[in-house]
2 protein chains.
Amino acid sequence: MKLTEAEWQIMNALWQKHPATAREIRDRLPAGINWAYTTIKTMLTRLVEKQAVSEIKQANTSVYDPLVSQQKARLSAFRSLLDQAFDGAIGPLVHFLAEEKQLTAREKAELAKILESEAQDKGE
Amino acid sequence: MKLTEAEWQIMNALWQKHPATAREIRDRLPAGINWAYTTIKTMLTRLVEKQAVSEIKQANTSVYDPLVSQQKARLSAFRSLLDQAFDGAIGPLVHFLAEEKQLTAREKAELAKILESEAQDKGE
DNA sequence: AAGATTCTACTACATCCGTAGAAGGCGACA
DNA sequence: TGTCGCCTTCTACGGATGTAGTAGAATCTT
């Protein structure tokens, strides 16, 4: 399930709270995004075709629900990034993160802490 | 510098070893990608327009060099992913990685180890 | 110097993506 | 019952993207 940039916006709004109508989604889009109502509808239609969301008509108004979980969409995006930009492996990503001055030490520490405790839990 | 999927393929081949000619790039693309020579050229032209690579003509053949480093391209892709799929923050990504069963404990541990030593080095 | 090979520049074209207008249906309300 | 406001579906359109063919120039090979 590959989402486009605009579709991510919609999905993000939908995951936030659902089911939701097109208008609700629109109101929940980040400030700065001011799409016409019909634009939202168009994208919802496409997402329904893609089976990323479901649509049910209540009276004359459609309400939408995500069919793919945020977790799943994130995984897919994450894997794509890995494949495309990091040789498909965690190793190069780690390397990159370590090198990357633009991530603060705090961010790195946070990342490290959680991952470490996780790894211990599971053992390996 | 936003690269498309196909452009990443080209850039990956180019970063691997450069300068390189179109033909060399072509030969270095992952098995499974079998683009026509002219397809490579088209994309190189577009990358030159975008100023992602430079082109110098040696005799009648162009040789190409990356103008954006792999590190920079990676950063940009990483940030995009963060913004698009993880609320622009490391936190949610961490959360995701921790939850994600599909990353092995080994991968997580590896990630954690490097990040931790990094964070300590730098202090914050 | 003819022929084969290889390169470049230009053009093409289907599909996807972002974005939205137009037109018509329906319930609320004066 | 006319019309206001919101909803829906259908249609559109320019630009980006993936993919490549064609034609002619340059170079190698005998």
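Readers should treat all values here as calculations from the given coordinates under stated rules, not as data from a laboratory. Note that the structure is a prediction, hence the values are computed from the model and not measured. Cβ atoms come from the backbone with ideal geometry, glycine included; neighbour counts cover every protein chain shown.
Here the stretch A:9-34 is the region considered, the condition is being without any contact (Cβ under 8 Å) to a residue 24 or more places away in the chain and hydrophobic (A, V, I, L, M, F, W, C), and the residue that is farthest from B:ALA85 (Cα to Cα) is A:ALA31. If you go through the stretch B:3-57 and pick out every residue that is near DNA strand C (Cβ under 9 Å from one of its atoms) and among the polar types (S, T, N, Q), you end up with 5.
Residues checked against (1) within 15 Å of DNA strand D (Cβ to nearest atom); (2) of a type outside the set (A, V, I, L, M); (3) within 14 Å of chain B (Cβ to nearest Cβ); (4) within 10 Å of the chain's Cα centre (by Cα):
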residue: A:ALA22; (1), (2), (3), (4): yes, no, no, no
residue: A:ILE40; (1), (2), (3), (4): yes, no, no, no
residue: A:VAL48; (1), (2), (3), (4): yes, no, no, no
residue: A:GLN51; (1), (2), (3), (4): no, yes, no, no
residue: A:GLU55; (1), (2), (3), (4): yes, yes, no, no
residue: A:VAL63; (1), (2), (3), (4): yes, no, no, no
residue: A:LYS72; (1), (2), (3), (4): no, yes, yes, yes
